[in-house]
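Written out below as structure tokens is the structure these notes cover.
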Amino acid sequence: MTICILLLKILAILFILFFSKIIIISIFFYREIQAARAKDPAAKSFLEVLLLYQGLHALISHRIAHFFYKLKLFFLARLISQFSRHLTGIEIHPGAQIGKGLFIDHGMGVVVGETAIIGDNVLLYQGVTLGGTGLEKGKRHPTIGNNVVIGTGAKVLGNITVGDNSYIGANAVVIKDVPPNSTVVGVPGRITKQDGKKIDISLDHIHVLDPIMQNIEELEKRIDKMEREG
């Protein structure tokens with residue numbers, strides 16, 4: 001009987017701790033959870049995102065690791081980040097600075113470097129790399145503005161800036177600054193403005209503007225005009 005009572009007490013304590021953890025995460029990561037629900041049609045409920053989305057778990061671990069990193073407890077910070085990497089498949093260096101409302105969709109293979117800075121309401125797809133290009137010290141990773149979308153497999157490399165409301169297409173390789181309200185596609189990344197308007201974060205990958213096709217279409221129009229005038 002004594003053992004049964006002890007087991008019940010242990011279970012009660014574990015339940016209280018688990019429930020308390022759920023409440024704390026719900027409060028401190030509310031914007032991240034809401035971002036996932038808004039940007040992922042597969043997200044069925046608040047609880048599903050809270051418990052089962054590896055992108056959120058990676059952000060929780062990063063917030064803890066970053067806290068220790070700022071205290072210069074670098075080994076402990078890196079230990080936490082590596083544990084999170086093995087658990088989620090997402091590698092975020094504890095030195096990276098991340099704003100509110102980040103959503104990492106699927107997330108497998110995402111890498112965020114030590115000096116990377118990510119603004120608010122950013123969306124990263126699987127396979128994205130925010131990396132460096134050399135062995136230099138100091139700021140060597142990209143700065144991502146607010147409301148930016150980076151598509152599957154895209155690589156943003158070096159100490160560059162991606163402006164607010166921009167969209168990086170799938171598998172693009174970006175090595176130069178991107179102005180606000182721009183779309184980048186191709187290897188190396190080519191920039192095209194979308195009439196100076198904010199990019200729609202509904203993420204219709206099919207209808208991303210391709211600057212090469214735009215140039216070809218413009219040339220075709222000029223040739224047609226010349227033939228008509230001739």
The chain - mean residue ellipticity at 222 nm from DSSP helices (-39,500 (n - 2.57) per run, n ≥ 4, rounded to 500): -13500 deg cm²/dmol
FRET efficiency for Phe83 and Val187, using Cβ-Cβ distance with R0 set to 45 Å, rounded to 0.05: 0.85
In region 60-90, the trypsin sites (Lys or Arg not before Pro) that fall in loop regions by DSSP, at most 14 other Cβ within 10 Å: Lys72
Neighbourhood net charge (15 Å Cβ-Cβ; Lys/Arg +1, Asp/Glu -1) for Phe68: +3
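Ignoring ligands, DNA and RNA, what percent of the 1.4 Å accessible area of the chain is carbon and sulfur? It would help to have the intermediate numbers written out before the result.
Details: 8700 of 13470 Å².
Ligands and nucleic acids excluded, carbon and sulfur give 65 percent.
In square angstrom, what is the accessible area per residue of the chain with a 1.4 angstrom probe?
Dividing the accessible area of the chain by its residue count gives 59 Å².
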DSSP-defined antiparallel bridges as percent of all bridges, region 62-167, nearest 5: 0 percent
Nearest-10 value in Å² for the accessible area of Thr152, using the 1.4 Å probe: 50 Å²
Rough spin-label spacing in nm, given labels placed 7 Å along Cα→Cβ, for Ala12 and Met108: 4.3 nm
Taking only Cα atoms of the chain, radius of gyration then Dmax in Å: 22.0, 102
For region 1-154, size of Cβ-based charge dipole, Lys and Arg +1, Asp and Glu -1, in debye: 380 debye
Antiparallel content of DSSP bridges confined to the chain, in %, to 5: 15 percent
Heavy atoms of Ser45: accessible area, 1.4 Å probe, square angstrom to 10: 40 Å²
Stretch gain in nm, segment Leu76-Ala42, where the contour uses 0.36 nm per residue and the Cα spacing is subtracted: 8.8 nm
Pair Glu218, Ile22: separation of 7 Å Cα→Cβ label points (nm): 5.6 nm
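The values are calculated or read from the model by the stated rules, or taken from the named source; none is laboratory data. Since this is a predicted model, take the numbers as computed values, not measurements. FYI the Cβ positions are ideal-geometry reconstructions off the backbone, even for glycines, and counts take in every protein chain you see. These area figures cover heavy atoms from the full protein model, side chains too; ligands, DNA and RNA do not enter into them. Shrake-Rupley method; radii C 1.70, N 1.55, O 1.52, S 1.80 Å.
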